[in-house]
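To start, the structure under review is shown below, and the notes come after it.
The values are calculated or read from the model by the stated rules, or taken from the named source; none is laboratory data. Please read all numbers here as calculations on a predicted model, not as lab measurements. FYI the Cβ positions are ideal-geometry reconstructions off the backbone, even for glycines, and counts take in every protein chain you see.
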Amino acid sequence: MSEQGGIDRHGIEIPLEVAEAAGMPGDLDANASGEYGVPDTRRRRQAGMVYGVAAVVSAGAGLAGVSDGLLVLAVVFLGIAAYHAAAGKKLAVREGRALDLANRATGFAVGHASAVLGFDGALARPVWNVPVFSADDPPSQRGLVRVDALDGSIVEQYVEPVSYET
């Protein structure tokens, strides 16, 4: 946590001695990999543009008499391009903000948490899935908070006590 109360995200911090003692492979060693961020879903629009160009080329070839099937292919490509354009929205809420929103939504002080981007619905709306554990040792509560990555609203949440009975 930073002094301003926000969460600093500089990648996973594993002491070098711990990574070496555990025999951590280089591709899993956070010290070697550096910072990681989830790519923005508006990149889908780039794929949509490629399909749009393919639709134009296919339609042009179909109208030039190469094959009538190319006109059908152009319509399919146009549909795929429209889907990608509609689904390619900018992530307004990034990992750190999703963790902060989940912390506020639970009603208990959060210790361990992580944020995983998932997708809901036909247009694959991005949603952060944030599993949380209370800050006490051992954790007395756990939960899952789902945060909308486009507007920051809490989609749903579930919290339950942790049972350590064997």
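Rundown of residues vs (1) of a type in the set (Phe, Trp, Tyr); (2) at pLDDT 80 or above; (3) touching a helix residue (DSSP H, G or I) at 6+ places or on another chain (Cβ under 9 Å), yes/no style:
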site: 3; (1), (2), (3): no, no, no
site: 31; (1), (2), (3): no, no, yes
site: 35; (1), (2), (3): no, no, no
site: 41; (1), (2), (3): no, yes, yes
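Checked against the criterion of being under 23 Å from residue 159 (Cβ atoms), assigned to a helix (DSSP H, G or I) and out of contact with any Lys or Arg (no Cβ under 8 Å at 6 or more places or on another chain), segment 106-128 contains one or more residues that satisfy it.
Which of the residues spanning segment 44-74 are among the charged types (D, E, K, R) and modelled with pLDDT of 95 or more? Matches in segment 44-74: none. Scanning segment 105-152 for residues that are under 30 Å from residue 79 (Cα atoms) and either out of contact with any strand residue (DSSP E or B) (no Cβ under 8 Å at 6 or more places or on another chain) or of a type in the set (Ser, Thr, Tyr) (or both) turns up 121, 122, 123, 124, 151, 152. Residues that are surrounded by 14 or more Cβ atoms within 10 Å (Cβ to Cβ) and either over 16 Å from residue 104 (Cα atoms) or without any contact (Cβ under 8 Å) to a residue 12 or more places away in the chain (or both) within segment 150-166 comprise just one, 150. Select from segment 132-145 the residues that are surrounded by 15 or more Cβ atoms within 10 Å (Cβ to Cβ) and not hydrophobic (A, V, I, L, M, F, W, C) and write down the one among them that is modelled with the lowest pLDDT. Selected residue: 139. Which ones in segment 72-112 are under 26 Å from residue 142 (Cα atoms) and among the charged types (D, E, K, R)? Scanning segment 72-112 gives 94, 95, 97, 100, 104. Would a scan of segment 129-150 turn up a residue that is over 30 Å from residue 50 (Cβ atoms), among the aromatic types (Phe, Trp, Tyr) and assigned to a loop (DSSP other than H, G, I, E, B)? The answer is no; no qualifying residue exists.
Candidates in segment 94-130 are the residues that are among the β-branched types (Val, Ile, Thr) and within 10 Å of the chain's Cα centre (by Cα); of these, the one that is surrounded by the most Cβ atoms within 10 Å (Cβ to Cβ) is 127.
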